[in-house]
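The values are calculated or read from the model by the stated rules, or taken from the named source; none is laboratory data. In this text, all values refer to a predicted model and were calculated from it rather than measured experimentally. Positions of Cβ are backbone-derived with ideal geometry, glycine not excepted, and every protein chain shown enters the neighbour counts. With ligands, DNA and RNA removed, areas are computed over all heavy atoms of the protein, side chains included. Shrake-Rupley method; radii C 1.70, N 1.55, O 1.52, S 1.80 Å.
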Amino acid sequence: MLTPEPQAETADHHRSAHPRTPGWDACSSLELAGHEEPSTTRRRPSAVRRRPRSTLRSLVEEHLGSTTKFLLVGGIVFLLDAAMYNLLVFWHPAHGWGEGLMHGSPLPAKVLTIAAASCLTYLGNRLWTFGDRPRPDTSRSILLFVLINVIASGLQLSCLGFSRYVLGLDSVLADNISGTLIGQAVSTSFRYVTYGRFVFPRR
């Protein structure tokens, strides 16, 4: 009489202790894991791509309004600066247009127009451009405002002085291009960067 081999009996016992579900084995679990993994990896880049777009949109919305207001204030100041400078330098009460009372002193005339325009610039930016920001300490704000405007005025005066004393140009067109147009553009760009950061900070 033959007795069953112990190995076969052990294998039968292992199969009975761990019954298998039809159609399910280790390969199936690996296949499912392989199908699920790419779907999770495909979702991550889309989530990452959304962040720069939202960040860019928030930056545009944050700076677009203040930039537009600042440019409008700067445009009004530009017209005031140009009108005052031309009246002082190229208009005479007795002789009309030509050589004004301060034709030989363009830099002091520009200093006067910049001082008058700076007061309007401060009020416009404090009350309108950066009106949504908390009010800074008055003494500190005015001190920084004066310091920044001294630097900005130096940039604008250097453009006018270069045209007058280096290039030898003293016409109405030359003064307005160098001192008012180019100088105002340079000084306004400098003011926009420094006003929002130092004079009217968000805190």
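I'm told Gln156 meets every condition in (1) within 23 Å of Thr68 (Cα to Cα); (2) touching a helix residue (DSSP H, G or I) at 6+ places or on another chain (Cβ under 8 Å); (3) surrounded by fewer than 19 Cβ atoms within 10 Å (Cβ to Cβ) except one. Can you identify the failing condition by its number?
Gln156 satisfies every listed condition except (3).
I'd like the full set of residues that are assigned to a loop (DSSP other than H, G, I, E, B) and either open to solvent by 20 Å² or more (accessible area, probe 1.4 Å) or among the β-branched types (Val, Ile, Thr) (or both), limited to region 159-200.
Passing the criteria: Leu167, Gly168, Leu169, Asp170, Ser171.
Tell me, please, whether a residue that is farther than 18 Å from Lys69 by Cβ, touching a Leu at 6+ places or on another chain (Cβ under 6 Å) and either open to solvent by less than 60 Å² (accessible area, probe 1.4 Å) or without any contact (Cβ under 8 Å) to a residue 40 or more places away in the chain (or both) can be found in region 140-153.
no
So the check is Cβ under 9 Å with 6+ separation or different chains; which pairs have a first residue in region 160-187 that's without any contact (Cβ under 8 Å) to a residue 60 or more places away in the chain and aromatic (Phe, Trp, Tyr) and a second one that's open to solvent by less than 40 Å² (accessible area, probe 1.4 Å) and assigned to a helix (DSSP H, G or I)?
Listed pairs, sorted by first residue: Phe162/Ser178.
Restricting the search to region 102-122, which residues are farther than 23 Å from Tyr165 by Cβ and of a type in the set (Val, Ile, Thr)?
If the condition is that a residue be farther than 23 Å from Tyr165 by Cβ and of a type in the set (Val, Ile, Thr), then Thr121 is the only one that fits.
Can you confirm whether Leu87 is surrounded by fewer than 18 Cβ atoms within 10 Å (Cβ to Cβ), of a type in the set (A, V, I, L, M, F, W, C) and either part of a loop (DSSP other than H, G, I, E, B) or modelled with pLDDT of 90 or more (or both)?
Numbers: surrounded by fewer than 18 Cβ atoms within 10 Å (Cβ to Cβ): yes; of a type in the set (A, V, I, L, M, F, W, C): yes; either part of a loop (DSSP other than H, G, I, E, B) or modelled with pLDDT of 90 or more (or both): yes.
Yes.
Across region 91-125, what is the number of residues that are part of a helix (DSSP H, G or I) and either among the hydroxyl-bearing types (Ser, Thr, Tyr) or surrounded by 21 or more Cβ atoms within 10 Å (Cβ to Cβ) (or both)? If you could, list the steps in order and put the result at the bottom.
Quick first cut of region 91-125, residues part of a helix (DSSP H, G or I) only: 106-125.
Pick out the ones that are also either among the hydroxyl-bearing types (Ser, Thr, Tyr) or surrounded by 21 or more Cβ atoms within 10 Å (Cβ to Cβ) (or both) and you get 106, 109-110, 113-114, 117-118, 121-122, 125.
Qualifying residue count, region 91-125: 10.
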